[in-house]
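A short worksheet on the structure shown next.
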Ligand code: ACO
């Protein structure tokens, strides 16, 4: 009969060990018993970018990178994008089930009634230079929120924790829009409780002198779908940062600031901004082959291509391409779209990209849509951080309730000097 174990022979000593296999995984601590002598520390595994190490057990998001599958709590992303709303998906991710009508009403009320930020926060935001990158301002401001809600430190009090979850999901769009308006010198536009989550965000971004801002329903829905696609993505860089910081029992505002900082990098949530800058640099369809050549020579990366887990295609990129058509029907096409389509066409036929399984990821087209909707390039990573907040919160709560979790503290392989004498 097959046994759910792994037998390891240590060729250094000739000893054999039998290690349990659970959920297709061995426990790294089971390796520690493998020693060459009594004073040997024991075997460790080396995995610098966590490419094959599970850091947690999770029930939130499932990805099969080879098949191009993404599901939140079991629901395929395609169905959620077609039939759900961002706020409903945020509820699902956090609570594990889709809400009943009354639950959804209460949830929507809570989020809608926590969108205002303390007036003092505005002063904090006013303190940065007019040309501050809105992502830097978002990171700083969300971290500063912890000073306004000291009770957020009570992370094991479920009621207080829910309050911070509501506040964070509700206030991120407000801070994001205020960061934008600060950068363009426009007066802040306050939340409008009559509007949907994304409708209100568009209001806070783009309202000028009209008494009541009316979001375009196509753009409002397109943004909502983009938010659904960005809500969670299991243990990516920023979520690992959220869990890592949260594991020291820091308050959620500090942890979200750290997660957002991880998201900011061009290899993660900053890629959508980098894609647009790349398309602008290429500037015309005729220059695409020369740019592909530079990519293949290792001089530059094709931003918006490749993914650590998707080695077939990114299912979010497919949905985004459909949204692009709907948005462009309202806004007119984005001139860089032609360059993007040509890049994709050449890359998908080219041996370099095919052999490395490099396909467009979620960020390849999202920036082009955001730009057509009127968002400046600087705002793109911010537009990622807003919906990802629900994922960060869900993963954080799951971690706090997981008895297996402790403060995150990896090991190292020390290759430095042995002990040596101090010489004055
Ligand atoms: N352009 C050109 N070559 C690439 C690219 C790219 N975008 N991505 C990977 N490669 C090549 C690498 O050079 C490497 O080639 P080699 O085997 O000849 O050395 C091979 O493909 C494997 O790449 P790795 O860097 O090992 O893949 P990894 O899983 O570490 O990186 C990542 C994944 C960071 C997403 C990478 O593909 C990349 O930098 N892409 C561009 C940035 C981007 O779009 N990031 C957004 C990701 S989606 C998200 O975070 C929401």
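Key figures for this structure:
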read-out	value
Residue match in the stretch 301-314 (condition: more than 12 Å from residue 360 (Cα to Cα) and in a helix (DSSP H, G or I))	no
Failed condition for residue 268, given (1) more than 21 Å from residue 301 (Cα to Cα); (2) in a loop (DSSP other than H, G, I, E, B)	(1)
Any strands (runs of 3 or more DSSP E) falling wholly within the stretch 1-85 and containing at least 3 residues that are within 30 Å of residue 225 (Cβ to Cβ), touching a helix residue (DSSP H, G or I) at 6+ places or on another chain (Cβ under 8 Å) and in contact (Cβ under 8 Å) with a residue 60 or more places away in the chain	69-72
Qualifying residue in the stretch 321-338 (condition: within 30 Å of residue 52 (Cβ to Cβ) and in the same structural domain as residue 230 (by TED's automatic domain parsing))	no
Flag if residue 87 is under 25 Å from residue 378 (Cα atoms) and under 19 Å from the mean Cα position of the chain (by Cα)	yes
Failed item in (1) touching a helix residue (DSSP H, G or I) at 6+ places or on another chain (Cβ under 7 Å); (2) closer than 18 Å to residue 396 by Cβ; (3) without any contact (Cβ under 8 Å) to a residue 40 or more places away in the chain, with residue 172 passing the rest	(3)
Criterion: over 17 Å from residue 377 (Cα atoms), loosely packed, with under 13 Cβ neighbours inside 10 Å and within 16 Å of the ligand (Cβ to nearest atom) - qualifying residue of 290, 317, 286	290
Residue match in the stretch 193-201 (condition: outside any helix (DSSP H, G or I), crowded, with 18+ Cβ neighbours inside 10 Å, on the phi < 0 side of the Ramachandran plot and in the same structural domain as residue 373 (by TED's automatic domain parsing))	yes
Those helices (runs of 4 or more DSSP H) lying entirely in the stretch 321-410 with at least 3 residues touching a residue at least 24 places away in the same chain (Cβ under 8 Å) and within 16 Å of the ligand (Cβ to nearest atom)	337-349, 362-372, 380-400
Criterion (crowded, with 21+ Cβ neighbours inside 10 Å, on the phi < 0 side of the Ramachandran plot and in contact with a strand residue (DSSP E or B) (Cβ under 8 Å, 6 or more places away or on another chain)) met by exactly one of 365, 370, 359	359
Lone unmet requirement of (1) surrounded by 20 or more Cβ atoms within 10 Å (Cβ to Cβ); (2) under 26 Å from residue 198 (Cα atoms) for residue 243	(2)
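The values are calculated or read from the model by the stated rules, or taken from the named source; none is laboratory data. Being a predicted model, the structure only gives us computed values, none of them experimental. Please note: Cβ atoms are built from the backbone with ideal geometry, for glycine as well, and neighbour counts cover all protein chains shown.
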